[in-house]
Amino acid sequence: MSKPKVLITRRWPASVEATLQQQYDVTLNRDDHPFTVDEYKQALQNYDAVCPTVCDSLPADVLNVPNKRCKILGNFGVGYNHIDIAAAKQQGLIITNTPGVLTESTADIAMTLLLMSARRGAEGDRIVRAGRWTGWCPTHMMSSDVTGATLGLIGFGRIAQAMAGKAHHGFGMKILYVKPSPADSTIVDALQAIRCETIEALLPQCDYVSLHCPGGNQTRHLINENTLNLMKPSAHLINTARGDVVDSKALIKALQEKRIAGAGLDVYENEPYIDPGFLALDNVSLLPHLGSATIATRTAMGEKVLANLAAYFAGQVLPDRVV
Ligand code: DGY
């Protein structure tokens, strides 16, 4: 019997690509180029399964291509806001994702950005490299304490809870969170976390605010001029969720006018485009979407896709079906 035809849109960790080659008639993207719209359409027409990732944009006009062979999109990533879910449903496409395995690594990057922003890490590195450091003095590059400060989490899913654990148990931080319904009492008790009814109630109380909600229309520009104005002038904003949760122009203005002290960003509106306004600022730390970028995590993400494909082709229940 011939093997199912599977297409992988970007390079994956070598061990996962090797397994794919054993199990499927797989086409890899050997030069790791971003696909064009035509390539996506042809992939949907010519393969049984297509495995995109978070940088592949799959809007309705791509998903609606006629004569589709593809029945399943095995997404490499937990977020799937790059796929038009309504169109996928309407086309009868199954979508799976990779939850659970990138929780700790993404929370680690959120903590990294929090520490970088608080302690001016990126700025200090730039000063040293540019030969602009003239030596220690009592007032040089003073910054903000992390230990004992208050961290507000917008969204309280797996990644937010993992960050809260690191912040509370590692740095003695007080944890506030916003979530539509109260979180599990065991988790809340262990973190001594306090729920706020609204973002507006949470923001003025926090020294650090970290975003952990999904992207998409419902959360687009949740952080905007009005909500930024509710933050303390000494506060820092951390975003490892999705770029469009923050209105970039409003954030740049708030940072320029020192209406907040700093920001740490791993994700951006229209990635990989970075608004030049950010590049001119010293009080923002910028990372290139590194949340899940450890060898172990990226391998585990690939293995999750493998498990979903295996279940699909065996006619079994899919472990991580989102549509
Ligand atoms: C995801 O999986 O959605 C992440 O953004 C990748 O790091």
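The values are calculated or read from the model by the stated rules, or taken from the named source; none is laboratory data. Predicted, not measured: the structure shown is a model, and the values here were computed from it. Backbone-built Cβ (ideal geometry, glycine too); neighbour counts: all protein chains shown. The area values use the complete protein model at the heavy-atom level, side chains included, leaving out ligands, DNA and RNA. Shrake-Rupley method; radii C 1.70, N 1.55, O 1.52, S 1.80 Å.
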Checklist entry - In the stretch 1-18, how many residues are over 15 Å from Ala49 (Cα atoms) and open to solvent by 50 Å² or more (accessible area, probe 1.4 Å)? => result 4
Next on the checklist: Would you confirm, using the coordinates I've provided, whether Ile252 is crowded, with 17+ Cβ neighbours inside 10 Å and within 16 Å of the ligand (Cβ to nearest atom)?
Outcome noted: no
Checklist entry - From the list Gln91, Gln45, Gln21, which one is without any contact (Cβ under 8 Å) to a residue 40 or more places away in the chain, open to solvent by 50 Å² or more (accessible area, probe 1.4 Å), within 17 Å of Thr299 (Cα to Cα) and not assigned by TED's automatic domain parsing to the domain that holds Cys213? => result Gln21
Checklist entry - Looking only at the stretch 211-232, which residues are open to solvent by less than 30 Å² (accessible area, probe 1.4 Å) and either more than 24 Å from Ile175 (Cβ to Cβ) or more than 16 Å from the chain's Cα centre (by Cα) (or both)? => result Gly216, Thr227, Leu228, Met231
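Looking at Val65, Val6 in this structure, which one is of a type in the set (A, V, I, L, M, F, W, C) and in contact (Cβ under 8 Å) with a residue 60 or more places away in the chain? Steps first, please.
Working: Val65 fails: in contact (Cβ under 8 Å) with a residue 60 or more places away in the chain.
The conditions single out Val6.
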Checklist outcome for this item: Note on Ala160: of the conditions (1) touching a residue at least 40 places away in the same chain (Cβ under 8 Å); (2) part of a loop (DSSP other than H, G, I, E, B), unmet is (2)
Item to check | When residues of the stretch 255-277 are limited to those that are in contact with a strand residue (DSSP E or B) (Cβ under 8 Å, 6 or more places away or on another chain) and open to solvent by 20 Å² or more (accessible area, probe 1.4 Å), the one nearest to the ligand (Cβ to nearest atom) | outcome: Glu269
Next on the checklist: Can you confirm whether Thr219 is closer than 30 Å to Arg10 by Cα and either outside the structural domain of Thr112 (by TED's automatic domain parsing) or of a type in the set (D, E, K, R) (or both)?
Outcome noted: no
Next on the checklist: Could you go through the stretch 109-126 and let me know if any residue there is open to solvent by 60 Å² or more (accessible area, probe 1.4 Å), without any contact (Cβ under 8 Å) to a residue 24 or more places away in the chain and small (Gly, Ala, Ser).
Outcome noted: no
Item to check | Sole residue being assigned by TED's automatic domain parsing to the domain that holds Ile72 and open to solvent by less than 10 Å² (accessible area, probe 1.4 Å), chosen from Asn239, Asn308 | outcome: Asn308
Next on the checklist: Which condition from (1) away from the ligand (no atom under 13 Å from the Cβ); (2) within 22 Å of the chain's Cα centre (by Cα); (3) free of Cβ contacts under 8 Å to residues at least 40 places away in the same chain; (4) open to solvent by 60 Å² or more (accessible area, probe 1.4 Å) is the one that Pro288 breaks?
Outcome noted: (1)
Next on the checklist: Considering only the stretch 28-36, I want to know if a residue exists there that is without any contact (Cβ under 8 Å) to a residue 40 or more places away in the chain and on the phi > 0 side of the Ramachandran plot.
Outcome noted: yes
